[in-house]
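The values are calculated or read from the model by the stated rules, or taken from the named source; none is laboratory data. Fair warning: this is a prediction, and the values are worked out from it, not measured in the lab. So basically every Cβ, Gly included, is an ideal-geometry build from the backbone, and we count neighbours across all protein chains shown.
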Amino acid sequence: MEESEIEKIKFKVFRFNPAVDTSPTWKIYEVEVDRSLTVLDALLKIKEEKDPSLAVRYSCRQAICGSCGMMINGKQRLACFTRVLELNSKVVVVEPLNNYPIIRDLVTDFSDLFKKEKMVKPYIIRDDVEEMRNPTGMYLQEPEELLEYLQFADCIECGLCSSACPTYSTDHLFLTPMILNKAYRFSVDSRDKGLQYRLPIIDSEHGCWRCHFAAACSSVCPKGIDPAKSIQLLKKMVTSVNIFKRMRKKEVQLTLRPHAAESPV
Amino acid sequence: MKESTKMLLHYITGFLILITGAVHLIANNLVVFNWIKDTLWYPISQGILLAAVLYHAMNGLRVILVELLPGSSSGKVISIILIVVGAIFFIFGLYFLLVLFGGW
């Protein structure tokens with residue numbers, strides 16, 4: 001690699017250990033970066049070479065696990081998905097995600113999100129129990145049925161959307177874009193029959209109606225999902241079911257497997 | 001009442017405010033449309049305007065307060081207070097409408 005491709009960039013990193021510190025502090029580290037270096041690589045370099053006490057959460061390093069979400073120069077981003085030189089800044093400010101309790105330094109606590117996720121039952125619910133236990137066929141979907149939820153199924157649960165949400169910053173009981181997107185993804189699926197079980201929580205005081213369509217969630221999503229859109233569609237779905245007592249969803253039919261009756265299950 | 005019903009009513013009252021508010025402004029500010037005030041529909045539209053404005057305003061306040069003061073029981077307390085305040089304003093407004101149009 002040529003010498004000219006390497007730049008010295010200052011990293012201003014948020015440091016706070018709630019168990020020991022009374023208030024947060026900022027530490028500045030200088031790192032030599034090339035054009036391939038991501039913010040996560042730089043933070044790990046700091047951890048290895050300069051300050052081993054720095055706490056960072058990461059896993060896959062390729063924007064799949066959603067572990068390394070943090071505020072980078074004031075915006076919610078995945079550290080592994082953000083190249084340092086793309087930020088066009090001589091100083092990179094790294095902070096923990098907004099709206100979540102801090103565990104330590106850049107690591108935030110998602111337990112509130114996961115608790116809320118359980119409440120909306122993020123899985124396909126069906127009433128044909130016997131078919132679920134002893135399957136005789138498949139629920140084949142039309143391409144347009146798949147398109148209804150495909151975009152919203154890409155969520156990696158990184159929590160960036162909920163961190164950017166202005167409603168969640170004041171109302172900690174709000175279900176948040178990540179959870180509402182999950183609820184819509186499963187409710188719109190033609191194989192699912194579980195909306196009635198999700199309705200009491202989605203249509204509650206802190207459910208989908210508290211979204212004011214600021215769309216900050218959609219602007220920060222690293223997977224290009226549009227949670228703001230899914231929440232508006234969820235509102236439409238809830239209104240159709242609750243007030244007009246009708247569901248637009250087409251029910252998917254069971255397609256029997258050939259020779260299903262003869263083959264042992 | 002379900003949250004979706006409350007919010008649907010919020011949108012419907014918003015639309016009603018647009019219509020009845022326009023009737024109110026036109027009838028009171030354009031001389032050529034002064035005759036609207038002599039029809040039976042005018043006091044009815046003003047009654048609808050009063051009810052719609054109060055519901056829309058009180059529900060809007062409820063939404064703001066529920067977000068600013070989240071809590072397991074705060075929503076209920078906020079709703080009760082706003083229903084009482086809204087009812088007082090409605091009775092007061094209705095009395096004025098009856099004095100104006102009903103000859104009380």
A:Lys121 vs. criteria of a type in the set (Lys, Arg) and on the phi < 0 side of the Ramachandran plot: no
Residue that is modelled with the lowest pLDDT [pool: residues in region B:1-35 that are outside any helix (DSSP H, G or I) and within 14 Å of another protein chain (Cβ to nearest Cβ)]: B:Met1
1 or more residues in contact (Cβ under 8 Å) with a residue 60 or more places away in the chain and of a type in the set (A, V, I, L, M, F, W, C): qualifying helices (runs of 4 or more DSSP H) within region A:147-265: A:160-164, A:176-187, A:195-202, A:216-220
Scope region B:20-46; condition surrounded by 13 or more Cβ atoms within 10 Å (Cβ to Cβ) and closer than 30 Å to A:Lys236 by Cα; matching residues: B:Thr20, B:Gly21, B:Ser45
Positions within region B:70-79 being assigned to a helix (DSSP H, G or I), more than 27 Å from B:Thr20 (Cα to Cα) and among the polar types (S, T, N, Q), in sequence order: B:Ser74
Region A:14-50 - residue that is of a type in the set (Val, Ile, Thr) and assigned to a helix (DSSP H, G or I) and, of those, nearest to the chain's Cα centre (by Cα): A:Val39
Whichever residue in region A:67-99 is touching a Gly at 6+ places or on another chain (Cβ under 7 Å) and more than 20 Å from A:Lys27 (Cβ to Cβ) and, among such residues, is surrounded by the most Cβ atoms within 10 Å (Cβ to Cβ): A:Gly69
Condition met for B:Ile88 (farther than 25 Å from A:Ser169 by Cα, within 14 Å of chain A (Cβ to nearest Cβ), among the hydrophobic types (A, V, I, L, M, F, W, C) and within 16 Å of the chain's Cα centre (by Cα)): no
Residue list for region A:51-83, restricted to those being in a strand (DSSP E or B) and of a type in the set (Val, Ile, Thr): A:Ile72
Residue within region A:234-241 that is away from chain B (no Cβ under 14 Å) and farther than 27 Å from A:Arg57 by Cα present: no
Sole residue being in a helix (DSSP H, G or I), within 14 Å of another protein chain (Cβ to nearest Cβ), farther than 24 Å from A:Asn242 by Cα and within 17 Å of the chain's Cα centre (by Cα), chosen from B:Leu94, B:Leu82: B:Leu82
Matching residues in region B:36-69 - criterion: being away from chain A (no Cβ under 14 Å), in a helix (DSSP H, G or I) and of a type in the set (S, T, N, Q): B:Ser45, B:Gln46
Pairs with Cβ under 9 Å, 6+ apart, first in region A:32-49 and touching a residue at least 60 places away in the same chain (Cβ under 8 Å), second in a loop (DSSP other than H, G, I, E, B): A:Leu43/A:Leu54; A:Leu43/A:Val56; A:Leu43/A:Tyr58; A:Leu43/A:Cys68; A:Leu43/A:Leu106
Search result, residues across region A:102-146 that are under 30 Å from A:Val20 (Cα atoms) and touching a residue at least 60 places away in the same chain (Cβ under 8 Å): A:Ile102, A:Ile103, A:Arg104, A:Asp105, A:Leu106, A:Asp112, A:Leu113, A:Lys116
Test: residue in region A:53-60 that is closer than 30 Å to A:Val252 by Cβ and over 15 Å from the mean Cα position of the chain (by Cα): no
Residue identified as surrounded by fewer than 16 Cβ atoms within 10 Å (Cβ to Cβ) and either outside any helix (DSSP H, G or I) or not charged (D, E, K, R) (or both) among A:Pro135, A:Pro122: A:Pro135
Conditions (1) within 12 Å of another protein chain (Cβ to nearest Cβ); (2) surrounded by 22 or more Cβ atoms within 10 Å (Cβ to Cβ); number of the one not met by A:Thr176: (1)
